[in-house]
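Below: one structure, written as structure tokens.
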Amino acid sequence: MTVRFPLTRLRRPRAHDWSRRMMRETILTPDDLIWPIFICEGKGVRQPIGSMPGVERLSVDLAVVAAKEAAALGIPCIALFPSTPKDKRDERGDEALNRDNLINTAMRAIKDAVPEIGLLADVALDPYTSHGQDGLVENGVILNDETVGVLVQQAVVQAEAGADIIAPSDMMDGRIGAIRTELDKAGFQNVQIMAYAAKYASAFYGPFREAVGSGGVLKGDKKTYQMDPANRLEAIREVAMDIAEGADSVMIKPGMPYLDIIREVKDQFGAPTYAYQVSGEYAMLMAAVQNGWLDGDKVILEAMTAFKRAGADGVLTYFAPRVAKLLND
């Protein structure tokens, strides 16, 4: 019996490492990484985060050390999030406007020590409010327009402290346009805005809320302003609005459960698009790795490659230094 084989054999290019590297469609480098870092009070302080093994809150002086490490590894940008003590939280989140709060102090210190590193500053009130919501609350309702009025002040204060990218994560309507206008008025025309354009009301944020101290204080949920995980077309409308209002780049959050959204946003708009591999994604992978169920280095790199393959130009990930070391090696 004559066995007829196909003329085209897709396995041929996979036969050798050199050939697989030549044919590879998706390339991951340290340039694709943004490293989120949590800032706490004190000096020489490292506070392990129980639900995020390997991640610590760092005092400002140690955040400077981390920024130097990031620069040495080729990570272009770090994102800063504060762990605000409860005695500095109030109903309106006034600490967000304090020019000497944790984030602003850290940004000035990092810019003095590592001027070449990019700094991304989160704009939202949840790290500063006593109720844990991202905006002002009245009779149980999150006030959109009043919150935007505070956010624009927060953005300008952060730009003054050295932020290169303002990243509004609050999901209030109209905040991108308002922030862009105020930044320009204040002389910060070159400060970028990365909009949390499609931020879902996800169950994957739990460890992050522990890290910034808002989990225990959060009253209610965030479903009236963060997106329904069931919705796809709504995400496209959110992204379109933020781009029209002046966003320089957009972010999808969480990451892995929303790869379809990343792909569609990139295909439709072609704008710089970022994924946030959130705390719950990190915690799941680390739990499996620590239990010996997954090969840590391999699965982390595979996850990073998946974001890039889906269309992300970069990824905010707590694995950033580990990934950069693996890629550099």
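The values are calculated or read from the model by the stated rules, or taken from the named source; none is laboratory data. Bear in mind the structure is a predicted one, so any value in this text is a computation, not a measurement. No Cβ is skipped: glycine too gets one built from the backbone with ideal geometry, and neighbour counts run over all protein chains shown. Just the protein is used for accessible areas: all its heavy atoms, side chains included, with ligands, DNA and RNA removed. Shrake-Rupley method; radii C 1.70, N 1.55, O 1.52, S 1.80 Å.
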Practice item. Tell me which residues, restricted to region 51-62, are closer than 16 Å to residue 117 by Cβ and touching a Phe, Trp or Tyr at 6+ places or on another chain (Cβ under 9 Å). Key: 58
Review point. In the set 197, 155, 121, which member is in contact (Cβ under 8 Å) with a residue 60 or more places away in the chain, open to solvent by less than 10 Å² (accessible area, probe 1.4 Å) and touching a helix residue (DSSP H, G or I) at 6+ places or on another chain (Cβ under 9 Å)?
Key: 197
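Just to be sure, is residue 164 at pLDDT 95 or above, open to solvent by 50 Å² or more (accessible area, probe 1.4 Å) and over 17 Å from residue 238 (Cα atoms)? Before the answer, list the steps.
Numbers: at pLDDT 95 or above: yes; open to solvent by 50 Å² or more (accessible area, probe 1.4 Å): yes; over 17 Å from residue 238 (Cα atoms): yes.
When the stated conditions are applied, residue 164 passes them.
Residues 190, 139, 98: which one is modelled with pLDDT under 95 and out of contact with any Ser or Thr (no Cβ under 8 Å at 6 or more places or on another chain)?
On the way: 190 fails: modelled with pLDDT under 95; 98 fails: modelled with pLDDT under 95.
After ruling out the rest, the residue left standing is 139.
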Practice item. Could you tell me whether any residue of region 30-48 is part of a strand (DSSP E or B), at pLDDT below 95 and either among the β-branched types (Val, Ile, Thr) or at negative phi (or both)? Key: no
Exercise for review: Select from region 262-275 the residues that are free of Cβ contacts under 8 Å to residues at least 60 places away in the same chain and within 12 Å of the chain's Cα centre (by Cα) and write down the one among them that is surrounded by the most Cβ atoms within 10 Å (Cβ to Cβ).
Suggested key: 275
Practice item. Could you tell me whether region 78-97 includes any residue that is under 24 Å from residue 205 (Cβ atoms), open to solvent by less than 60 Å² (accessible area, probe 1.4 Å), in contact with a strand residue (DSSP E or B) (Cβ under 8 Å, 6 or more places away or on another chain) and of a type in the set (Ser, Thr, Tyr)? Key: yes
Exercise for review: Just one of (1) open to solvent by 10 Å² or more (accessible area, probe 1.4 Å); (2) within 26 Å of residue 246 (Cβ to Cβ); (3) of a type in the set (Phe, Trp, Tyr) trips up residue 293, so point out which.
Suggested key: (2)
Check your understanding: Right, residue 278: within 23 Å of residue 73 (Cβ to Cβ), open to solvent by less than 10 Å² (accessible area, probe 1.4 Å) and either touching a Lys or Arg at 6+ places or on another chain (Cβ under 6 Å) or among the β-branched types (Val, Ile, Thr) (or both) or not?
Key -> yes
Exercise for review: Under 7 Å between Cβ atoms, at least 6 apart or on separate chains: pull out the pairs that start in region 240-251 with a residue that is under 17 Å from residue 274 (Cβ atoms) and open to solvent by 20 Å² or more (accessible area, probe 1.4 Å) and end on any residue that is in a helix (DSSP H, G or I) and among the basic types (Lys, Arg).
Suggested key: 246/180
Practice item. Working carefully through the options 271, 247, 306, 288, find the one that is part of a helix (DSSP H, G or I) and more than 18 Å from residue 28 (Cβ to Cβ). Key: 288
Point to revise | Of all residues in region 203-226 being more than 17 Å from residue 168 (Cα to Cα), touching a Phe, Trp or Tyr at 6+ places or on another chain (Cβ under 9 Å) and in a loop (DSSP other than H, G, I, E, B), the one that is least open to solvent (accessible area, probe 1.4 Å) | key: 214
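Of all residues being of a type in the set (A, V, I, L, M) and farther than 13 Å from residue 211 by Cα in region 34-59, which is surrounded by the fewest Cβ atoms within 10 Å (Cβ to Cβ)? Just the residue, please. Even if it seems obvious, please write down each step before you answer.
Residues of region 34-59 of a type in the set (A, V, I, L, M): 34, 37, 39, 45, 49, 52, 55, 58.
With farther than 13 Å from residue 211 by Cα added as a condition, the list becomes 34, 45.
Values: 34: 24, 45: 15.
Looking at residues that are of a type in the set (A, V, I, L, M) and farther than 13 Å from residue 211 by Cα, I get 45.
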Review point. Just for region 209-239: of the residues that are in contact (Cβ under 8 Å) with a residue 40 or more places away in the chain and more than 27 Å from residue 139 (Cβ to Cβ), which one is nearest to the chain's Cα centre (by Cα)?
Key: 211
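On the basis of being open to solvent by 50 Å² or more (accessible area, probe 1.4 Å), more than 21 Å from residue 216 (Cα to Cα), out of contact with any helix residue (DSSP H, G or I) (no Cβ under 9 Å at 6 or more places or on another chain) and touching a residue at least 60 places away in the same chain (Cβ under 8 Å), does residue 31 make the cut? Explain how you work it out, then say what you get.
Values: open to solvent by 50 Å² or more (accessible area, probe 1.4 Å): yes; more than 21 Å from residue 216 (Cα to Cα): yes; out of contact with any helix residue (DSSP H, G or I) (no Cβ under 9 Å at 6 or more places or on another chain): yes; touching a residue at least 60 places away in the same chain (Cβ under 8 Å): yes.
Yes; evaluated as a whole, the condition is true for this residue.
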Practice item. Under 6 Å between Cβ atoms, at least 6 apart or on separate chains: pull out the pairs that start in region 292-317 with a residue that is of a type in the set (D, E, K, R) and end on any residue that is surrounded by fewer than 16 Cβ atoms within 10 Å (Cβ to Cβ) and not in a helix (DSSP H, G or I). Key: 308/26; 309/26
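Would you say residue 258 is touching a residue at least 12 places away in the same chain (Cβ under 8 Å) and not in a helix (DSSP H, G or I)?
Details: touching a residue at least 12 places away in the same chain (Cβ under 8 Å): yes; not in a helix (DSSP H, G or I): no.
When the stated conditions are applied, residue 258 does not pass them.
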